[in-house]
Amino acid sequence: MTAARLDCVSPDRSPDELRSLRKRLAAHATRLRRSSEHFALLAGETRLKIMHLLGETGELCVCDLATILEMTPAAVSQHLSRLRSGRMVGSRRDGMTIYYRLTETVDPEFLASILRDRSGRGE
């Protein structure tokens with residue numbers, strides 16, 4: 001891959017500064033890609049609702065989530081599967097019931113910041 005040319009340089013940035021910024025950005029590529037994948041998972045309202053509920057309760061089974069969300073267990077399971085593949089939720093089995101919880105990779109402060117009302121209107 002060839003590096004992009006630095007033809008357009010703003011008056012306050014030198015070509016060396018731009019190259020340095022490019023290198024620093026490249027150093028974060030893996031973390032940025034992973035963050036992008038997490039945001040894509042959270043782009044669905046239902047998945048955000050599931051994350052909120054699990055953050056609030058600690059753990060819920062598919063049937064409880066389906067009841068709360070007024071969805072079929074199969075539909076909830078599809079969302080949980082995506083969250084699980086993204087390592088945002090984990091599960092445990094107790095007999096025939098599978099319980100879901102947030103994983104330690106989910107920062108509670110980050111989740112709270114997503115759910116915070118920024119409109120100024122309240123709920």
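Okay, here's what the table says:
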item	result
Subset tally (residues that are touching a residue at least 60 places away in the same chain (Cβ under 8 Å) and in contact with a strand residue (DSSP E or B) (Cβ under 9 Å, 6 or more places away or on another chain)) for the stretch 77-116	1
The stretch 53-76, residues that are modelled with pLDDT of 95 or more, open to solvent by less than 70 Å² (accessible area, probe 1.4 Å) and assigned to a loop (DSSP other than H, G, I, E, B)	Glu59, Met71
Boolean, Ile50 is at pLDDT 90 or above, over 15 Å from the mean Cα position of the chain (by Cα) and among the aliphatic types (A, V, I, L, M)	no
Residue tally, condition part of a loop (DSSP other than H, G, I, E, B) and under 12 Å from the mean Cα position of the chain (by Cα), over the stretch 83-117	7
Residue within the stretch 32-44 that is open to solvent by 60 Å² or more (accessible area, probe 1.4 Å) and at pLDDT 90 or above present	no
Hey, Arg84 within 26 Å of Phe110 (Cα to Cα), modelled with pLDDT under 90 and open to solvent by 50 Å² or more (accessible area, probe 1.4 Å) or not	no
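The values are calculated or read from the model by the stated rules, or taken from the named source; none is laboratory data. Since the model is a prediction, treat every value here as computed from it, not as a measurement. Note that each Cβ is placed from the backbone with ideal geometry, even for glycine, and that neighbours are counted across all protein chains shown. Protein only, heavy atoms only, side chains kept; ligands, DNA and RNA dropped before computing areas. Shrake-Rupley method; radii C 1.70, N 1.55, O 1.52, S 1.80 Å.
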